Each structure stands twice: as structure tokens, then as C-alpha cells.
Amino acid sequence: MPPPQHGQSGPGDRRQWSPPAAGQPQSPGRHEVGGQFGAGAGQYGPAATGFNDPQVPAVASSITMSAPPNGLLIVAAACAGAGGLIGALGWGRWWSLLGWLLAGPIAIWLVARFVAVDTERKTATVYSRPGSTGVLWAVAIVLTVLGIAVTALAVGFWIGRL
């Protein structure tokens, strides 16, 4: 960058940011609205005229509210509990395998689906997570682990008797 010539301002010159003295005309490029960039319709389309401009989208329309899919956690906990109960009632019988399917793969898939949907919903503009979500998460995980343990033992005793 060449040094400023006589009458021009350099990068450190504060005069370029100060208003002109009284009675002096404003120099080009200094505090102009319009000029180089245009004040009205330009190459980028018409300028916004205010809040009632139909071309300016409303801010409220872009706000989306989301919450975690707690229903998936409730269904996962119910599957895990039912699977553990079936496994306990069918101890050493073939149908304890049905309890294992409910408490194992199905309940785990439901918890994994909760995580995927919840992660997607967290990208919304407003995400509201109720306090019950943490409790539901803990209940679903504990029931799933207990259901898998009970049904795995029940299936193991059934296979051991064959």
C-alpha cells in the first residue's frame, strides 16, 4: 500500500471517521448513505422499507420449539420391564427367550432411537427439556439392564436343561 499523498488520509488518520467541520462540504465516501453502495434498489434487490415489508420474512416464523421424545423412553422402559417379567415367569422355559427379545434388542433399539431423535431435535431454535427426561432415561436404562440380566439367566437355564 503506497503512503498517503498530500490531502489524503492514511490508515491511522482519525479524520476519516470524524464529521466535517461546519460549513465544509462532506467529502465523497465519508458518511454517505447511498453513494457507492446505493440506498434504494440496487444490484441486490429492493431495500427493506420497514417492518411491514412483505419481502422481509417474519422472525417469528423461523422459530421452532422442540422437546425430547420421552414417549420412546417410556415404551423402552415398559418393554424392558415386561421382558424381565416374562423371563422371570418363564424361568428355564423356551418362552423366556421372548422376554429376552423384549428386554434386550427391542428396548435397546428404542433407547437408541430416543438418542437419535433427541439429538436431531436439539438443533431446533428452541429446545425445552423437562426435568423428567433424566429420570425416565435412568429408569429405562436400569430396567433394560435388569431385564437383560434376568432373561439371559432364564434362557441360560433353559439351554442348560436341553
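Give me a comma-separated list of calculated 3J(HN,Hα) values for the stretch 83-89, in order, Karplus coefficients 6.51, -1.76, 1.60 applied at θ = phi - 60°, integers in Hz, x for any Gly or Pro.
The phi angles translate into x, x, 5, 5, x, 6, 6 Hz.
Only loop residues by DSSP count here, and only those with at most 16 other Cβ atoms within 10 Å; note down the chymotrypsin sites (Phe, Trp or Tyr not before Pro) in the stretch 62-162 that meet that. Before the final figure, lay out each step's value.
Details: sites: W91, W94, W95, W100, W109, F114, Y127, W137, F157, W158; in loops: W91, W94, W95.
Within the stretch 62-162, the qualifying chymotrypsin sites (Phe, Trp or Tyr not before Pro) (loop, at most 16 other Cβ atoms within 10 Å) are W91, W94, W95.
For the stretch 75-114, what does the relative contact order come out to in percent, with C-alpha contacts under 8 Å and a separation of six or more? Numbers along the way, then the final one.
Details: 43 pairs, mean separation 19.4, N = 40.
Reported as a whole number, the value is 48 percent.
Over the stretch 121-162, what portion of Cα pair distances is larger than 15 Å, expressed as a whole percent?
Details: 553 of 861 pairs.
I get 64 percent for the Cα pairs in the stretch 121-162 exceeding 15 Å.
Tell me, what ³J(HN,Hα) does each residue in the stretch 144-149 have, in order and in whole Hz, if you take phi through Karplus 6.51 cos²θ - 1.76 cosθ + 1.60 with θ = phi - 60° and put x for Gly and Pro?
Running phi through 6.51 cos²θ - 1.76 cosθ + 1.60 with θ = phi - 60° gives 5, 5, 5, x, 5, 5 Hz.
Readers should treat all values here as calculations from the given coordinates under stated rules, not as data from a laboratory. These numbers come from a predicted model, not from an experiment. Backbone-built Cβ (ideal geometry, glycine too); neighbour counts: all protein chains shown.
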